[in-house]
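What follows is a single structure, written as structure tokens, with notes after it.
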Amino acid sequence: MLKHVLFTASVALSLGAIAQTKNIGINLNYIDKTVDPKTNFFQYACGNWVKSTQIPASEASYGSFNEIKDRNDINLRNILAEISAEKNAKPGSNHQKIRDFYSQAMDTIKLDKEGFKPLTADIAAIDKIATKADLVKLLANFHSKGIGAAFGFFVEADLRNSNANMSYFSQGGISLPDRDFYFEPRYEAIKKAYQQHVSNMFKLLGQKAETADKSAETVLKIETELAKESQNRVQLRDIEGQYNKFSKADLAKKTPNINWDLYFTTVGIKTIPAEFVVNQPKFYDKLNEMMQSISIPEWKTYLQWNLVHDAAPYISSKFVEENFSFYGTVLSGTKVMKPRWKKALQATDGALGEALGQIFVEKHFNADAKKRVNELVDNLMAAYKQRINTRDWMSDETKKMAMEKLNKIYRKLGFPDYWKDYTALEIKPDAYILNIYRTNKFDYKEMIDKLGKPVDKTKWGMTPPTVNAYYNPSANEIAFPAGIMQPPFFDPTADDAFNYGCMGAIIGHELTHGFDDQGAQFDADGNLKNWWSDEDKKKFEEKTKVLVDQFNNCVAVDSTHVNGELTLGENIADLGGLTMAYYAYKMSLNGKKSEVIEGYTGEQRFFLAWAQGWKFLMRPQALKQMVATNPHSPGNFRAMGPPSNMTEFYDAFGVKEGDGMYRKKEVRAAIW
């Protein structure tokens, strides 16, 4: 473990400026100078952008992430156009697979001619179900081809032994965004629209109106029963509560109406694991009961719904349009569908993401960006170490454990060191949905093949063009795909204040996830294990409660408040990330005063970069759904929440008591 004094010396030597140019980075045209930054910092930093920007008709929201994604999509579209034009792509090559997958996705004439014909074999298989054993086998077949029904099964790192893989059972089987949509009065109109949507889908499958309505009633009945013992989004954040280990015998005893041996054999697991983790045990009590209380004809109707619901985006336009009418318009308020090429591109990225991503980084990823982001990570890590050492609420022993965890964080930047091998994946020019099923089966087999093997920590959880980043607690790793390493989040030619305020804060955000209310439950090796003293843990929880209270008071739209419990982890990460980035920026100045550019000090530009990174617009319907289901707060609250807790922001803009951005010191959150 590095001592503080040696570490400080290394910081002074290593933290140089990342860019020497005077490109201000922030967009001065976005700033609304009719607004006082001390009153509403989001409106000040982004007000002119908000006034001049309209959400595209095909989108539920629009902001910085969309700007980058739009550029990436154009680059990917050009790649796909080149590959699609290849006449002599070698059979079995990645180019052949990308070409045929994308071409099938784009051929709407062929899709409309086929209708739901590619589903006839599955519809026939559902019709043949006569026993509960048949039902279990069909559920297994559906799961292996990516059709979620009744429950979830997956293989991932064991949360208590991060080097080994574990089998998990989770709740599932509902098609509304959350279990609360089935019971809370505020969602009654959505639930009715959903039932009508299900009926409409059955009509498209050929059922008469009266039969389709009854089928929809059956689907809603079964999903409501499943939802009764499903946990909501806040309950699902309880990691300890999700880890319930069962032996094979215990699982069989708990669910005697489900033949698990038959299920595992059907999905292709040859050696059945001795232990499982059941995330929500009460859900499986309910599922076991339903295997008896729900009749075979009812299950068949439910499975028909799951089949068509899953396939709808990949078959004829009537199904695509009906699917969009509910999930796009009713739930999100989106006016029109995305262009066909965007949907086809998204599906191609999902199916062959690393094959496509390899070409993307060769053509469009600047190696210098990776180097510079790596420097930012170094600098953020350095700032984090100093912050940990100066936390007066932590004991020395807990600080030691936190430092060990920080030092072991593994970084993934740009793209994987080893590209995914798609040799075993067959893509044919027959039907779009059948290629979707083939890729799902390929991914499913890759997943179950992990059983009995050590965790492969070189694998990525996102494809290279993705405009996002993540922290994986079971691997204690941060990952930043090539897709996010560009303006307006990162610009290697821009002023340091901009890059620290935007990309630096994003890096700090992911680092802080290792120390948020969930990540802090994992040790340096990625194991779910308490490393806190009782007293320190209590102090930590008291400090995080301040953020819960703050965000519970944020009104997102109408009378809908942000859920402080649901968004706690992300809000901790935002505050921690911005704080670390600020101190990394200050250290990069090496004791010098920041330069004033365009009338703004470096400290002011830092906070402006942060706020402009979270510029966003969102339709009311989408915003309500986001607040109900998304662990992230809306962008305007992300822009203003962390600065309102930081004395450094108050100093930069002269915020005083009585100003809109002011919080009394006793109610400011100060964690990391």
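The values are calculated or read from the model by the stated rules, or taken from the named source; none is laboratory data. The shown structure was predicted, so the numbers you read here are calculated from the model rather than taken from an experiment. For neighbour counting, all protein chains shown are included, and Cβ atoms are generated from backbone atoms with ideal geometry for every residue, glycine included.
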(request) Scan the stretch 100-119 and give yes if some residue there is over 30 Å from PRO464 (Cα atoms), aromatic (Phe, Trp, Tyr) and modelled with pLDDT of 95 or more, otherwise no. (result) yes
(request) Could you list all residues from the stretch 567-618 that are within 14 Å of PHE41 (Cβ to Cβ) and among the hydroxyl-bearing types (Ser, Thr, Tyr)? (result) TYR600
(message) So, in the stretch 111-152, how many residues would count as being assigned to a loop (DSSP other than H, G, I, E, B), more than 31 Å from the chain's Cα centre (by Cα) and within 16 Å of TRP299 (Cβ to Cβ)?
(response) 4
(message) Scan the stretch 220-239 and tell me whether some residue there is acidic (Asp, Glu) and under 24 Å from SER332 (Cα atoms).
(response) yes
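Take the stretch 216-247 and flag every residue that is assigned to a helix (DSSP H, G or I), farther than 30 Å from ASN200 by Cα and in contact with a Leu (Cβ under 8 Å, 6 or more places away or on another chain).
ARG237, ILE239, GLU240, GLN242
Within the stretch 18-32, restricting attention to residues that are more than 14 Å from ALA611 (Cβ to Cβ) and either part of a loop (DSSP other than H, G, I, E, B) or touching a Lys or Arg at 6+ places or on another chain (Cβ under 9 Å) (or both), which residue is modelled with the highest pLDDT? Reasoning before the result, please.
Applying the first criterion (more than 14 Å from ALA611 (Cβ to Cβ)) to the stretch 18-32 yields 18-24, 29.
Next, only the ones that are either part of a loop (DSSP other than H, G, I, E, B) or touching a Lys or Arg at 6+ places or on another chain (Cβ under 9 Å) (or both) stay: 18-22, 24.
Numbers: ILE18: 40, ALA19: 38, GLN20: 41, THR21: 43, LYS22: 62, ILE24: 95.
Checked the stretch 18-32; the qualifying residue modelled with the highest pLDDT is ILE24.
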(message) What are the pairs with Cβ atoms under 7 angstrom where one residue, in the stretch 97-125, is farther than 14 Å from ALA311 by Cβ and the other, located anywhere, is aromatic (Phe, Trp, Tyr)? Sequence gap at least six, or different chains.
(response) LYS97/TYR422; MET106/TRP341
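When you go through PHE65, PHE42 one by one, which is the residue that is of a type in the set (Phe, Trp, Tyr) and either farther than 30 Å from ALA497 by Cβ or buried (at least 21 other Cβ atoms within 10 Å of the Cβ) (or both)?
Details: PHE65 fails: either farther than 30 Å from ALA497 by Cβ or buried (at least 21 other Cβ atoms within 10 Å of the Cβ) (or both).
Just one listed residue meets the conditions, PHE42.
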(request) From SER325, SER332, grab the single residue that is part of a helix (DSSP H, G or I) and either within 28 Å of the chain's Cα centre (by Cα) or within 30 Å of TYR194 (Cα to Cα) (or both). (result) SER325
(request) Check whether at least one residue in the stretch 395-418 is out of contact with any helix residue (DSSP H, G or I) (no Cβ under 7 Å at 6 or more places or on another chain), among the basic types (Lys, Arg) and part of a helix (DSSP H, G or I), and report yes or no. (result) yes
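From the list GLY483, GLY461, pick out the single residue that is of a type in the set (Gly, Ala, Ser) and part of a loop (DSSP other than H, G, I, E, B). Working first, answer last.
Working: GLY483 fails: part of a loop (DSSP other than H, G, I, E, B).
Answer to the selection: GLY461.
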(request) For SER170, state whether it is out of contact with any Pro (no Cβ under 7 Å at 6 or more places or on another chain), outside any helix (DSSP H, G or I) and over 30 Å from ASN476 (Cα atoms). (result) no
(request) Could you check how many residues of the stretch 610-628 are under 20 Å from the mean Cα position of the chain (by Cα) and over 16 Å from HIS561 (Cα atoms)? (result) 5
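Please tell me if ILE506 is at pLDDT 95 or above, out of contact with any Leu (no Cβ under 7 Å at 6 or more places or on another chain) and crowded, with 20+ Cβ neighbours inside 10 Å. Working first, answer last.
Details: at pLDDT 95 or above: yes; out of contact with any Leu (no Cβ under 7 Å at 6 or more places or on another chain): yes; crowded, with 20+ Cβ neighbours inside 10 Å: yes.
When the stated conditions are applied, ILE506 passes them.
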